[in-house]
Structures are given as structure tokens and as C-alpha cells.
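First the structure, in the form of C-alpha cells, and then the observations on it.
The values are calculated or read from the model by the stated rules, or taken from the named source; none is laboratory data. All values reported here derive from a predicted model rather than from experimental measurement. Cβ placement follows ideal geometry from the backbone for every residue including glycine, while neighbour counts extend to all protein chains displayed. When the accessible area is computed, the model is the full protein with side chains, heavy atoms only, and any ligands, DNA or RNA have been set aside. Shrake-Rupley method; radii C 1.70, N 1.55, O 1.52, S 1.80 Å.
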Amino acid sequence: MRAIWKGAVSFGLVSIGVKVYSATEEKDIRFHQVHREDGGRIRYKRTCSVCGEEVTYDDIAKGYDIGGGEMVILTDEDFAELPLTTSHAIDVLEFVPAEQVDPILYNKAYFLEPEGTATKPYVLLRDALADSERVAIVKVALRQREQLATLRVREGVLLLNTMLWPDEVRQPDFGFLDEDLKVRPPELAMASSLIDSMAGEFEPDAFTDDYRAALQEVIDAKVEGREVVQPEEEEAAPAAAVDLMAALKASVERARAARGEAPEGGAGEPTPISAARSAQKAAKATKAPAKKAAEKKATAKKAPAKKAAEKKAEPAKKTAAKKAPAKKAAEKKAVPRKTA
């Protein structure tokens, strides 16, 4: 990582030299605008709308539109006169409970690394902050702008979170907030049951950006000149529920089934999912006796036929037995007697 800023954390009369690093990075796949026919990069020139000349960065100033086509131009000298805190200080203002800071105020995150001999006071502030279970509210000037921020501990490192100013957060103004909507206690109880059935521990590594992975696969396939394999389609989202309670019950059952848990209360009131499963079981139960009856009937038909065949074979055996003594008698009669 490369430090983007150097300064000092002012903690009472203690000054802690630090280097500031971006704690996050965007993984979005970036594209250039190109000419569709030949792939040439599209370039934009900075031109003046009045004289039409191309303008360099050195000749560009900041202008504020006051309306009516009039513009106020501000120079670097104008910005230098602004009451901005020193550009290399992080001033600790107070320490507050972390839960009092609304997460909507958080903007960007930065790691702080101790610089030079500031390691010991850095570790002292880190450990004291962790023991207090509070976050430090600070002011810092980054990129020529004063910002409110918090200091907290993350994995043994001080983390600076810049924040939005309160007047930068919009107030929700939606019509349904003025409607007198009543939620029935059974619906609330079922919704709470659904939340309980889907409860778990948050593990960020368990989630992935499937869109980015699929897009990268398309790019790699283009580079290698191979066919793009379409990913499996996601299961279609269910239609809007007409019966809220039935939808909640079905959702609870599906969540429990996904976890391998038995339905609550055993055989309770049927839901769309349990009804379908019951129908399948009933169909199987109906088929089983029919199959056994067919097997029994087939066995019954085979048995008389087998007995008849055995009975038919018995006279043949007796006839053969009668013929055997007659044959022996004939052979004995045919033998000549010996003369003395």
C-alpha cells in the first residue's frame, strides 16, 4: 500500500505521527470508451465555450454559477484565506459510544500507521480506545476539505472513518409514512419467527460479487477466443403475495427446511409448501398398495399354473414306472436257458 497523507493525531497534549492509507478499494471492472468500428480510444478535449480554444490544467480555475448566466471565479488565493484546520492534523474532539454514531454518516475508511518514534503513543491510544469501548470524534482536512471523522480500532490498527455532515443526509419524505397502517399481532409474530429462522452470524467472506465474476468470464473468453458459457439462471422471484400470512408461513417453513429443521409444532396448519409435500406423500402411499396388490395377483395366477404343471407331470411318471417292470420281464424271458 502507498500512503496518501501524512500528519499527526492530536490527543490532548500528545501528538502521534501517522501515515494514512486507503483501507478499501473498488473491484469494479473499468472500461474505456472506444470507437465501435476500429476500437480507437475516445478522447475529450478541454475547450472554452466562449473562445473555443483548448485549455490546459494550469489555466483552469473554479467557478460558481450564481444564476442568470453569471459566474464567480475563485482563485487559489481565495481558498488559502478560508478558515481550514491545519492540513496535517487529526484533532480528537471527544469520545462517544460507538452505537451513538449512525452508520449512514460513514463515508470512507483509512488505516493509520505510526510513523518514526510514534509507535508507543500510537499503541497507548489504540489500547485505551479499545478498553473504553468508545470511538473518538475527530476533525481532519483531507483533499482541501475539512471533514468530521471517527477513530476506532480494527484488527489492532487505528481506523479513520470520514463522515458526512448532518445536513448532507437527506430526510425521507414518503407518502406511506403519513398513512395509518395497522399490523396485526399474528402477522408481526410470524414475521419475527421468520427473522429467527433466518438468523445467523455475519461472515463477509461467504458473499461474492457474482455479476463481476460473470463479466470477467466474458472478458476472458473474448481474449482467448472461446465461446462464452452462460451461467445458470437464477430462480425466478416469486410473485407478490396476496395472502401475507400464508406467504410468511411458507417463508418460515422454507427457511427451516433449508437448515434441516423440522417444522415448528409438528403437523400444524398446512402451508403451500407443506400441502404440496403432503400431496406427494399421499400419491406415493396410494401407489404402494396398488403395486403390492398387482404383485400378489400375479403371484396368485402363477401358483395354480405351477401346480397344474406338476399334477400333469405325475401320471407321466407313473406310466414310466409301469413300463419299467414290463421291460425287465421281457428281457428276462428272452434270455435262453443253459443245457446241462
**Report entry** List 111, 79, 176, ordered by accessible area with a 1.4 Å probe, largest first
**Finding:** 176, 79, 111
Report task. Can you tell me how much longer the chain between residue 107 and residue 60 gets when fully stretched, taken as 0.36 nm per residue apart minus their C-alpha distance, in nm with one decimal? Result -> 14.1 nm
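FRET efficiency for residue 43 and residue 202, Cβ-Cβ distance as r, R0 = 35 Å, nearest 0.05? Walk me through the numbers on the way to the answer.
Working: r = 45 Å, r/R0 = 1.28.
Once rounded, the FRET efficiency stands at 0.20.
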Report task. Could you give me the radius of gyration and the Dmax of the range 1-71, taking only the C-alpha atoms into account and expressing both in angstrom? Result -> 21.8, 64
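Order 49, 15, 10, 197 by their accessible area, 1.4 angstrom probe, all chains in place, largest first. Intermediate results must be reported in sequence, preceding the final value.
Working: 49 120, 15 85, 10 40, 197 10 Å².
Ranked list, largest accessible area first: 49, 15, 10, 197.
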Query raised in the report: With every protein chain left in place, what is the accessible area of residue 217 in Å² (1.4 Å probe, nearest 10)?
Result: 70 Å²
Query raised in the report: Farthest toward the dipole's positive end in the range 80-187, which of 107, 122, 135, given Cβ charges of +1 (Lys, Arg) and -1 (Asp, Glu) about the Cα centre?
Result: 122
Query raised in the report: Lysine pairs in the range 1-141 8 or more apart or on different chains: how many have alpha carbons under 19 angstrom apart?
Result: 10
Query raised in the report: Can you give the extra length, in nm with one decimal, that the chain gains between residue 171 and residue 71 once fully stretched, where that is 0.36 nm per residue apart less the Cα-Cα distance?
Result: 33.0 nm
Report task. Provide 226, 170 ordered by accessible surface of protein heavy atoms (probe 1.4 Å), highest first. Result -> 170, 226
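Applying 1/(1 + (r/R0)^6) with R0 = 25 Å to the Cβ-Cβ distance of residue 128 and residue 99, what FRET efficiency is obtained, to the nearest 0.05? Spell out each step's value before the answer.
Working: r = 19 Å, r/R0 = 0.77.
Calculated value: 0.85.
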